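Derivation of every value follows stated rules applied to the coordinates shown; laboratory data play no part. None of the values given here were measured: they were computed from a predicted structure. Positions of Cβ are backbone-derived with ideal geometry, glycine not excepted, and every protein chain shown enters the neighbour counts.
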Amino acid sequence: MPRGARALGAIASLTAALAACNAISGLDEDYQLASGPTLPDDDAGVEGGTDAQAADADASIPRDGDAPDAPGTDAGLDCNETPPAPPGWSMVHCDNFDDTSRTAPTYGWTRAQNTSGAPVVEDGGYVARGLRANVTTGAPAPGQGWVTSLWQRITGGVPDGAELTVRLRFKAITASINYSVIGAIQLNNLDYGLALYRSAQCPNGATCLDENDGHGGHPNASFASAVAFTPNHWYLVEISVKRAGTAFSGKVVVDGAPVHEGANVLPPGAAPQVEVGVGAFFSANNGSADVVIDDVIVWLH
């Protein structure tokens, strides 16, 4: 895949090449997280919090430490019942990974991608039930990069004037890697979403979360609003791409805080082939990451 190959050669010069953020003001009215659909608050998972945690928090954002749904409970996202949404929002994909009839390799998604370790839905240990993507890099690197992910084709793509929004929960048990995408919207083999970075430019000087480049070149994170990464912490991520003619603007939000927003987050083009990917993918050839994904929902609006 052309997008995967570009991440590998670029990582060695990560710190020097990361330049000014292309965030553009004035987009906030297009991306109001609080006005969107909500995922249920959930304390039932094996790693969950308690009702005493941040009781006054916005219900649309999970409290620190909240875990996704546990099997046999009604506490988490129910993909059999469309979550509440504003008028005009249409759910195009949903997976809480609790449907045991969905089996490997795709688990009901359009396709699985595996050049490091197969994506697997599992119970216990790391998650009540969720997708586990364990990517370990080595040499020689495959042409498409190190990938452990699931992909869902969005039929009809993103029409002109419409917006695609992906919301997911994830945590990384371990991460000793310079770069790995966690979730992304991919248009014609180029993707925009959230990545895990190891860089001296991270807020903690170690590992953080920021947007990933959608132009097929060097990862274009500025780290101006990056979120310091904490192992074993559940994060709520929202990725949006909006189309206006042949141009695409976007926004990435982590736990309610924008880490990137701007115009031209993907190259201009006609009505594209669109996929949503989750896991650990296009990873740099220098380490490993062990990621768990849960409660994935995609809206077109």
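Using r as the Cβ-Cβ distance of residue 155 and residue 224, and R0 as 35 Å, what FRET efficiency do you calculate, to the nearest 0.05? Provide the component values of the computation, followed by the final result.
Working: r = 36 Å, r/R0 = 1.02.
In this case the efficiency is close to 0.45.
Got a sec to turn the phi values of region 160-177 into Karplus ³J(HN,Hα) couplings, 6.51 cos²θ - 1.76 cosθ + 1.60 with θ = phi - 60°, whole Hz, x for Gly and Pro?
So the J values, rounded to whole Hz, are 4, x, 9, 9, 10, 10, 10, 10, 8, 10, 8, 8, 10, 6, 9, 7, 10, 9.
May I ask you to order 97-109, 244-256 by the average number of other C-beta atoms within 10 Å around their residues, highest value first? Present the calculation step by step, with values, prior to reporting the outcome.
Values: 97-109: 15.0, 244-256: 19.3.
Those peptides, ordered most packed to least, come out 244-256, 97-109.
Going highest first, how would you order 159-172, 222-235 by mean Cβ packing within 10 Å?
Result, highest mean Cβ count within 10 Å first: 159-172, 222-235.
Classify region 191-245 as rounded, prolate or oblate from the Cα gyration tensor: take a ≥ b ≥ c as the square roots of its eigenvalues, call it rounded if a/c is under 1.5, otherwise prolate when a/b beats b/c and oblate if not. Intermediate results must be reported in sequence, preceding the final value.
Values: a/c = 2.56, a/b = 1.51, b/c = 1.70.
Note, shape of region 191-245 comes out oblate.
On a full-extension model of 0.36 nm per residue, what is the gain between residue 100 and residue 82, subtracting their alpha-carbon distance, rounded to one decimal in nm? Could the numbers behind the result be given before it?
On the way: separation 18, 0.36 × 18 = 6.48 nm, distance 1.94 nm.
Working it through step by step, the gained length comes to 4.5 nm.
Among rounded, prolate and oblate, which fits region 161-202 when a ≥ b ≥ c are the square roots of the eigenvalues of its C-alpha gyration tensor, a/c under 1.5 means rounded, and a/b larger than b/c means prolate? Intermediate values should be presented prior to the final figure.
Working: a/c = 2.56, a/b = 1.83, b/c = 1.40.
Because a/c hits 1.5 or more and a/b exceeds b/c, region 161-202 counts as prolate.
Return the Rg/Rh ratio of region 126-228 with Cα-based radii and a Kirkwood Rh.
With Rh from the inverse mean 1/r over Cα pairs, Rg/Rh is 0.96.
What list of ³J(HN,Hα) couplings, whole Hz, do you get for region 249-257 from phi and the Karplus terms 6.51, -1.76, 1.60, once you set θ to phi - 60° and write x for glycine and proline?
Once θ is set to phi - 60°, the couplings for region 249-257 become 9, x, 8, 10, 10, 10, 6, x, 10 Hz.
For a quick check: sort 146, 299, 151 by the number of other beta carbons within 10 angstrom, fewest at the front. Write down the numbers at each step before the final one.
Details: 146 29, 299 23, 151 20.
So the ranking, lowest neighbour count to highest, is 151, 299, 146.
For residue 130, which sequence-distant residues (separation of 5 or more, or a different chain) have an amide H within less than 5 Å of its own amide H, given hydrogens modelled in the peptide plane?
Counting only residues 5 or more places away or on other chains, the set is 122.
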